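To start, the structure itself, in structure tokens.
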Amino acid sequence: MSRLPAAAPRKPIPATPMRLALRRLASLALDMLAFSLTAVAVTGFVISLGRREFARDLILLYFQEHGIDAEVEIDQVNVAGLSGSLRLGPAYHPDLDIEKFEITFAKGSASPSPGSGQMIDTVHLVRPRIGLILQNGHLDFASLDPLINVLSQPGDKAQGPMPQPDIRVDGALVTLQTENGPLTVRLSAALKGAQLLSLDGQIQPFSLTGEGLLLTGSGGPVRARASAGALKLVASLGIAELVNDRLGLEDAKLGLEASLPYPALNVARADQKLQVRAGLKSNVVSRGAWVAQDAEVNLRFDGQLESQGK
């Protein structure tokens, strides 16, 4: 597998506020996609040549210019699209590792050239793995931060918005490293025009420890579906033990059902209903000397978001 050395060490990137971190995390699938798509766009003219080695070297050079160590293998490249595998970040501990990607270009689009914005029709990622770090309330993409910053910049207004490809992600493994230990989720997702259509995930068994905290559990499923202007979420989490300064739980299960306005999750509009159902069942609940068995708590919220604009 061809490889270029990493660029010189870069200056630390300022931490992102929590609200931006959450928005980044919510758009993780799109960011993960963009790593490979942007490299393809800036080296698109290679498609016409049909030379895998040349395409591979130019993609490697693109990532090197952004200070990212990378390895890429191109299986097939032609005017219809390309496929291969990609690794970004240190070889011993990659920040992004895509076992296989398949990209197809829109039929009838112009021959690609640097900066031309070749129209990408569909993207398929197979078993990508990505690692994130959550520290002091800030989300860090590790060595991928420079590329994330580039991709988050506004595009050329003169060219207008670029059409977003249909995206399918199968068998992704996302690991979030926190100060109390790692959290891992396996998921598959589908997006159309930059909007989430479906997501099926499984939170893996976990064990988090810290000052005054012990939390262990079996994980649980997460499911999301978008339809009729709403995003419906269903999730459950098995908790084996929770111990902290205020509360103790044993053999508990947390459930959540929600219906959120979608796709404009971050833009309040009139008449947008918001529904949340949450429930907690626990064989043992304790608070200091107080102990209860077979406890159950259910919460329900019904409301709507109102537009704050003029």
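The values are calculated or read from the model by the stated rules, or taken from the named source; none is laboratory data. What you see is a predicted model; the values in this text were computed from it and never measured. Neighbour counts are summed over all protein chains in view; Cβ atoms, including those assigned to glycine, are modelled from backbone coordinates with ideal geometry.
Going through segment 85-129 one residue at a time, which ones are modelled with pLDDT of 85 or more and among the basic types (K, R)? If the condition is that a residue be modelled with pLDDT of 85 or more and among the basic types (K, R), then R87, K100, R127, R129 are the ones that fit. L60 meets all of the listed conditions (1) outside any strand (DSSP E or B); (2) surrounded by fewer than 16 Cβ atoms within 10 Å (Cβ to Cβ); (3) at pLDDT 80 or above but one, namely (2). Scanning segment 227-251 for residues that are within 28 Å of the chain's Cα centre (by Cα), of a type in the set (A, V, I, L, M, F, W, C) and at pLDDT 90 or above yields L233, V234, A235, L237, I239, A240, L242.
Restricting the first member to segment 54-83 and to residues that are under 24 Å from P146 (Cβ atoms), and the second to residues that are of a type in the set (S, T, N, Q) and not in a strand (DSSP E or B), the beta-carbon pairs closer than 6 Å and six or more apart or on different chains are R56/S2; L58/T43; I59/T43; I68/S143. Summed over segment 263-293, the residues that are over 17 Å from V243 (Cα atoms) and at pLDDT 80 or above give a count of 7. Scanning segment 79-94 for residues being buried (at least 20 other Cβ atoms within 10 Å of the Cβ), within 20 Å of Q64 (Cα to Cα) and hydrophobic (A, V, I, L, M, F, W, C) gives a total of 2. Of all the numbered requirements in (1) within 20 Å of V185 (Cβ to Cβ); (2) of a type in the set (D, E); (3) modelled with pLDDT under 85, E65 misses one, and that requirement is (1). Just one of (1) out of contact with any helix residue (DSSP H, G or I) (no Cβ under 6 Å at 6 or more places or on another chain); (2) at pLDDT 80 or above fails for V72. It is (1). From L196, L214, which residue is within 20 Å of the chain's Cα centre (by Cα), under 26 Å from L176 (Cα atoms) and assigned to a strand (DSSP E or B)? None of the others qualify; the one that does is L196. Scanning segment 195-227 for residues that are under 21 Å from R168 (Cα atoms) and among the small types (G, A, S) yields S198, G201, A224, A226, S227. Return yes or no: is V169 of a type outside the set (S, T, N, Q), assigned to a strand (DSSP E or B), within 27 Å of V297 (Cβ to Cβ) and at pLDDT 90 or above? When the stated conditions are applied, V169 does not pass them. Scanning segment 197-234 for residues that are surrounded by fewer than 17 Cβ atoms within 10 Å (Cβ to Cβ), of a type in the set (G, A, S) and within 21 Å of N298 (Cβ to Cβ) yields a total of 0.
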